[in-house]
Protein chains: 2
Amino acid sequence: MRQRRKEARPAELMAAALDLFVERGFAATKLDDVAARAGVSKGTLYLYFANKEELFKAVIQQGILPVLAQGEEMLTQFDGDARALLQVMLMRWWELVGTTHLAGIPKLMISEAGNFPEVAQYYYENVMVRGRGLIREVLQRGIASGQFRAVDVEAAIDVILAPQMMLAIWRYSLGSCDCGKQDPQTYLRTHIDLLLNGLMAAEKK
Amino acid sequence: MRQRRKEARPAELMAAALDLFVERGFAATKLDDVAARAGVSKGTLYLYFANKEELFKAVIQQGILPVLAQGEEMLTQFDGDARALLQVMLMRWWELVGTTHLAGIPKLMISEAGNFPEVAQYYYENVMVRGRGLIREVLQRGIASGQFRAVDVEAAIDVILAPQMMLAIWRYSLGSCDCGKQDPQTYLRTHIDLLLNGLMAAEKK
DNA sequence: TACATTACTGACTGGCCAGTCAGTAATTAT
DNA sequence: ATAATTACTGACTGGCCAGTCAGTAATGTA
């Protein structure tokens with residue numbers, strides 16, 4: 001009954017590690033616990049990852065890249081206006097990320113950036129920059145078409161992403177305190193509503 | 001030259017601890033380093049704080065409560081309209097917090113909430129709830145006076161606070177990666193501009 | 001002066017955990 | 001069958017660090 005699905009081991013270990021890193025932080029997570037959650041011994045873990053830090057890097061990389069790919073594809077294929085595109089992208093992101101533990105990665109990166117500058121650099125260049133690029137493209141389309149006001153695009157990108165990040169972060173941090181919190185859907189809807197209204201070029205009634 | 005300003009020791013230790021906790025996280029911070037930064041030995045630290053966790057709690061409590069007091073006072077004294085009040089509060093918050101290491105506390109709480117549920121609970125009840133109360137009051141005034149649209153107030157509070165939180169968090173996490181980042185003033189101005197536009201009741205040209 | 005009190009020190013210890021590696025079990029090859 | 005290879009184990013160790021405490025220095029007091 002041992003060693004089934006040979007090539008599945010690393011994925012199982014990374015999933016276990018993501019869970020625990022997100023829940024407890026990097027330093028407070030014991031590799032014994034990671035291995036136990038994946039149903040193997042600590043020694044097995046070291047067959048697939050050179051050390052704790054390499055495991056950490058792998059978790060970050062594998063977890064986040066697929067999401068970006070989806071976003072970039074959506075950008076090239078979507079044929080509605082900028083307003084609708086922005087709305088769809090913000091909601092789709094939560095669909096992809098909010099239903100998994102991937103939502104914990106922003107919290108993890110924020111917590112550990114100081115201790116792992118190289119990982120932070122990697123994340124910044126490969127995740128933040130690409131993610132910001134998606135929003136930048138949408139804003140520029142909207143401004144070019146006259147649908148959006150000519151806001152400061154770079155600043156607006158960060159302002160738009162902040163509530164999305166906080167939504168993801170909340171669940172894995174203080175989210176445990178406020179049980180009565182309204183659901184993410186209401187939050188997202190309100191964010192998008194405020195945002196689109198704020199971006200809209202003055203022309204209505 | 002030793003033991004000057006007797007009652008200043010705890011404050012010096014807490015300042016040193018805040019710096020290092022924010023920079024490295026709770027688990028990765030050594031009490032030897034905290035003591036060294038405060039210019040004393042580790043033994044001295046234990047004269048003022050029972051253990052590492054008590055030091056952590058003290059840092060959180062002492063750091064954040066004064067800021068809230070300011071906000072609550074502003075609410076009772078300000079005599080402009082809701083629009084101006086909201087703007088002033090968001091900017092003043094950054095003045096108070098952005099110029100000190102207090103800005104690192106949100107990052108710290110987010111990182112460690114899972115490991116210190118009691119501290120998280122305390123922070124939630126005494127900081128988040130009160131902070132949200134400030135914004136709620138402003139929104140309700142604005143909606144009552146017809147200046148703001150009737151948005152979902154509870155959700156809007158979180159959407160409004162998110163960019164403020166991220167501004168504080170950024171500096172102590174991935175902020176080290178993007179040196180070319182525009183200044184916080186531009187970011188804040190864009191946030192407030194988008195927000196006020198988004199909140200405004202439709203009545204303009 | 002001597003004695004008491006307060007402030008501080010830093011070597012020490014005990015537990016914890018990342019990382020190792022000699023050994024065992026399962027699988028595959030011959 | 002037997003050998004060779006691959007997958008996995010878990011007891012062990014070495015370093016690190018929170019927390020201790022016997023001792024020293026400074027200050028206060030009589």
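Of note:
- Charge dipole magnitude, Cβ of K and R +1, D and E -1 - the range A:5-59, Cα centre, debye nearest 20: 120 debye
- Sequence-separation-based contact order of the range A:20-131, relative, with Cα cut under 8 Å and 6+ spacing, percent: 32 percent
- Spread over its residues, the convex hull of the C-alpha atoms of the range A:90-132 is 67 Å³ per residue.
- Pairs exceeding 18 Å between alpha-carbon atoms, taken from A:Lys30/A:Lys57; B:Lys30/B:Lys52; A:Lys30/A:Lys52; A:Lys181/B:Lys107: A:Lys181/B:Lys107.
- Here B:Ser41, A:Ser111 are placed in order of increasing Cβ neighbour count within 10 Å, fewest first, which gives B:Ser41, A:Ser111.
- In nanometres and ascending order, the distances from the A:Pro117 label point to those of the other copies are 3.8 (point 7 Å from Cα along Cα→Cβ).
- The average projected area of the range B:68-205, computed from the convex hull of its Cα atoms over all directions, is 9.6 nm².
- Nearest-first distances (nm) between copies at A:Leu68, label 7 Å from Cα via Cβ: 3.9
- Here is the size of the protein assembly as shown from its Cα atoms: Rg then Dmax, 22.7, 74 Å.
- The HN-Hα couplings worked out from phi for the range A:102-115 by the Karplus form 6.51 cos²θ - 1.76 cosθ + 1.60 (θ = phi - 60°) are 4, 4, x, 5, x, 4, 4, 5, 4, 5, 9, 3, x, 8 Hz, whole numbers, x standing for Gly and Pro.
- Test item: A:160-170 mean partner chain Cβ contacts at 10 Å: 6
- Couplings 3J(HN,Hα) of the range A:168-177, computed from phi: 5, 5, 3, 4, 9, 10, 7, x, 5, 7 Hz, in residue order, whole Hz [Karplus 6.51 cos²θ - 1.76 cosθ + 1.60, θ = phi - 60°; x for Gly and Pro].
- For the range A:52-69, 3J(HN,Hα) per residue [Karplus equation, 6.51 cos²θ - 1.76 cosθ + 1.60, θ = phi - 60°, Hz, x = Gly/Pro]: 4, 5, 5, 4, 4, 4, 4, 4, 5, 4, 4, x, 9, 5, x, 4, 5, 4
Every number in this text was worked out from the coordinates using simple rules, so none of it is lab data. The shown structure was predicted, so the numbers you read here are calculated from the model rather than taken from an experiment. No Cβ is skipped: glycine too gets one built from the backbone with ideal geometry, and neighbour counts run over all protein chains shown.
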